[in-house]
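One structure is given below, encoded as structure tokens.
The values are calculated or read from the model by the stated rules, or taken from the named source; none is laboratory data. All values reported here derive from a predicted model rather than from experimental measurement. Backbone-built Cβ (ideal geometry, glycine too); neighbour counts: all protein chains shown.
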Amino acid sequence: MSMATVSTMGTHLVPHDAAGKRLDAWLTAQLENVSRARVQLLLSASKVLVDGVAAKPSLKLRGGESVEVLGDPEPRPLRAVAENIPLDIIYEDDDLSVINKPAGMMVHAGAGAAHDDPEKDERNRGTLVNALLGHYQQQLSSTGGALRPGIVHRLDKQTSGLIIVARNDAAHLKLGEMFSRRQMRKTYLALVHGSLKQDRGTINAAISRDVLRRTRMTTRREEGARTAISHYTVVERLDTRFGKFTLVSVRIETGRTHQIRVHLSSIGHPVVGDTLYGAPAVIPASQQASERAGQQTRKKVSRRDDALLETTSLDRNFLHAAELEFAHPRTNQPLKLEAPLPPALQEFLEGLRK
């Protein structure tokens, strides 16, 4: 006889045909809509008793035991912790700060970064929020909660550039309203593969989550799609031995997840380095260009150096939040802030130009 699935906390009798199973696996099967990770949180918090004694997740059942669940399978709320991480502060006052975020830094830990002891969770380390708490202590807005103090909007992990931080709740409210009313002028620089046909253009394509690859967004699915508008202007066209590229300035009216990346990819011009949306991880030189470069450099470089001329790559997305224009939430005075291309992107661009 097997026991029916139980949807509430309480006491459960282990059937004899469950002998040999791990406690955490068996208990997960008994509790409706409760993941194994949540069951393990209960076990680690000593909220599961087997015959009156707190048990480990790996306990092998014999059958016939009484398993008592004492609480709800909820993790401790994740709170960001302060860390001494340098910040590139472009602007600050009592109401807001504007930070030039480096590529590779997450803005905040994700909701999935749950741990019985949040301060020991490595996913709750090295983020912009950790750095902000280390620099400003508690002088940040609380509107975003303990996980996202001061955070009004986001940048992708591999996108560098300007991000606004609210220093108090009143400023956070006003800044949030400005974002929702599209009163923030945000301009990015992106290098894309190929040569865009037009010098200027607008991409008006709604964005939704890709149902097959949940880390991606898409313009090809109507269900759950949200309006997204991006305006681009060609800054420079490059015809190089690694192919054609276009440096574009992109102004976004909306701030959807991965908006610029998915929009540019949707028109056949993925951002350089953005392998999630179709850019190659390694960019080969054309055969004709390689032969020509080899002839020109054969007397100057070794064979190994010559071989290195055949490919190039970028280990991040060539996408940078370069400009922000908005009215100050308290004084209403206009602010226009800029952040130059970081050295890694500038060097990559110069390498293509040569």
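Among the candidates GLU347, GLU291, which residue alone is modelled with pLDDT of 90 or more and among the acidic types (Asp, Glu)? It would help to see each step written out before you state the result.
On the way: GLU291 fails: modelled with pLDDT of 90 or more.
After ruling out the rest, the residue left standing is GLU347.
Tell me yes or no: at least one residue of segment 225-239 is of a type outside the set (Asp, Glu), part of a loop (DSSP other than H, G, I, E, B) and touching a residue at least 40 places away in the same chain (Cβ under 8 Å). Spell out how you get there, then give the answer.
Let us first name the residues in segment 225-239 that are of a type outside the set (Asp, Glu), namely 225-235, 237-238.
Right, trim to part of a loop (DSSP other than H, G, I, E, B) and you get 225, 227-228.
If we keep only those that are touching a residue at least 40 places away in the same chain (Cβ under 8 Å) too, we end up with none.
No, because not a single residue in segment 225-239 is of a type outside the set (Asp, Glu), part of a loop (DSSP other than H, G, I, E, B) and touching a residue at least 40 places away in the same chain (Cβ under 8 Å).
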* Structure fact -> Of the conditions (1) in the same structural domain as LYS336 (by TED's automatic domain parsing); (2) without any contact (Cβ under 8 Å) to a residue 24 or more places away in the chain; (3) under 30 Å from GLN139 (Cα atoms), the single one that GLU222 does not satisfy is (3)
* Might you let me know whether segment 174-182 holds any residue that is closer than 30 Å to GLY351 by Cβ, modelled with pLDDT under 95 and surrounded by 13 or more Cβ atoms within 10 Å (Cβ to Cβ)? => no
* Restricted to segment 307-351, and to residues that are among the charged types (D, E, K, R) and under 23 Å from the mean Cα position of the chain (by Cα), which residue is farthest from GLY243 (Cα to Cα)? -> GLU338
* Here is a list of conditions, (1) touching a Gly at 6+ places or on another chain (Cβ under 7 Å); (2) loosely packed, with under 15 Cβ neighbours inside 10 Å, and GLY104 meets all of them except one; can you say which number that is? -> (1)
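Residues checked against (1) free of Cβ contacts under 8 Å to residues at least 24 places away in the same chain; (2) of a type in the set (Lys, Arg):
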position: HIS12; (1), (2): no, no
position: THR28; (1), (2): yes, no
position: ARG36; (1), (2): yes, yes
position: ASP94; (1), (2): no, no
position: ASN100; (1), (2): no, no
position: ALA109; (1), (2): no, no
* Structure fact -> If we keep only residues of segment 21-33 that are more than 14 Å from GLY10 (Cα to Cα) and among the hydrophobic types (A, V, I, L, M, F, W, C), then the residue surrounded by the most Cβ atoms within 10 Å (Cβ to Cβ) is LEU23
* Among the candidates ARG38, ARG62, ARG79, single out the residue that is more than 23 Å from HIS16 (Cα to Cα), modelled with pLDDT under 95 and either outside the structural domain of LEU23 (by TED's automatic domain parsing) or not in a helix (DSSP H, G or I) (or both). => ARG79
